[in-house]
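Q: Supplied in C-alpha cells, the structure appears directly below.
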Amino acid sequence: MSNGCQNKLAQDCYSKLEKFINELPEKKGALISVLHRAQDIFGYLPAEVQKFISEKLDIPLAKVYGVVTFYSFFTMTPKGEYPISVCLGTACYVRGAEKVLDEFKRELDLEVGETGLDGKFSLDALRCVGACGLAPVVLVGEKVYGRVTPEQVKDILKEYKNV
C-alpha cells in the first residue's frame, strides 16, 4: 500500500482517484475496486474520501461506509509509514505469533490498531496471510518475514528505524 498521498497535496490524490473512476468501463458494481484504489492512493479511507467516492459513483454514502466498515482490509485511520501486521491465524498462533505480537507492542509502545505519534509504524493483527508454512508470519508493508521469534523483533525494527 502506498502512503504517498498522506504527504502530497490532497488534490493530486483526488485527481488520481477521479481519473481511475472515470476510466472504469462500468461504474455499477465497482465500489470494492474503487475503495481498494483509493486506499492505495491515500493510505486509508477517511470520511472525505468516502464522500468523494459516493458522489463519483452516485451511490449513498451509507453504502460506502457500510462496505468500508464490513471488510477488515479497509481502514479509516492512517497507517504508519511502515505498517506492521502479525498473522494470528491458526498455524501462526500455535507457533507463537501472540508472543511475537506482544514483543512488537512492547518495542513500539503501541496496541493493535494504533499508529505511533511519529507516523513511522502502525501495528495490526491479521487472521491469515496464506503463508502457513512460514508460521509465524509478520508483514512490514509488503515484505514478508517468516518463522519470526520474539527475539527477532528488535532486528526487524532496526531495518526500518534508520531509514
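The values are calculated or read from the model by the stated rules, or taken from the named source; none is laboratory data. No experiment lies behind these values; they were computed from the predicted model shown. Here the Cβ positions follow ideal geometry from the backbone for every residue, glycine too, while neighbour counts run over all protein chains shown. Side chains included, ligands, DNA and RNA excluded: accessible areas come from the protein's heavy atoms. Shrake-Rupley method; radii C 1.70, N 1.55, O 1.52, S 1.80 Å.
Q: Name the single residue that is most open to solvent (accessible area, probe 1.4 Å) among those in the range 8-54 being assigned to a loop (DSSP other than H, G, I, E, B) and of a type in the set (A, V, I, L, M).
A: Just the residues of the range 8-54 that are assigned to a loop (DSSP other than H, G, I, E, B), to begin with: 8-9, 23-30, 43-46.
Now narrow it down to the ones that are of a type in the set (A, V, I, L, M): 9, 24, 30, 45.
Values: 9: 125, 24: 31, 30: 7, 45: 0 Å².
Residue satisfying both the conditions and the ranking: 9.
Q: Another one. With open to solvent by 30 Å² or more (accessible area, probe 1.4 Å) and of a type in the set (A, V, I, L, M) as the only criterion, which of 61, 57 stands out? Write out each step before concluding.
A: Values: 57 fails: open to solvent by 30 Å² or more (accessible area, probe 1.4 Å).
The conditions single out 61.
Q: Return yes or no: is residue 126 open to solvent by less than 30 Å² (accessible area, probe 1.4 Å) and under 17 Å from residue 79 (Cβ atoms)?
A: no
Q: Kindly establish whether residue 129 is modelled with pLDDT of 95 or more and of a type in the set (Val, Ile, Thr).
A: Working: modelled with pLDDT of 95 or more: no; of a type in the set (Val, Ile, Thr): yes.
Here the answer is no, as residue 129 does not meet what is asked.
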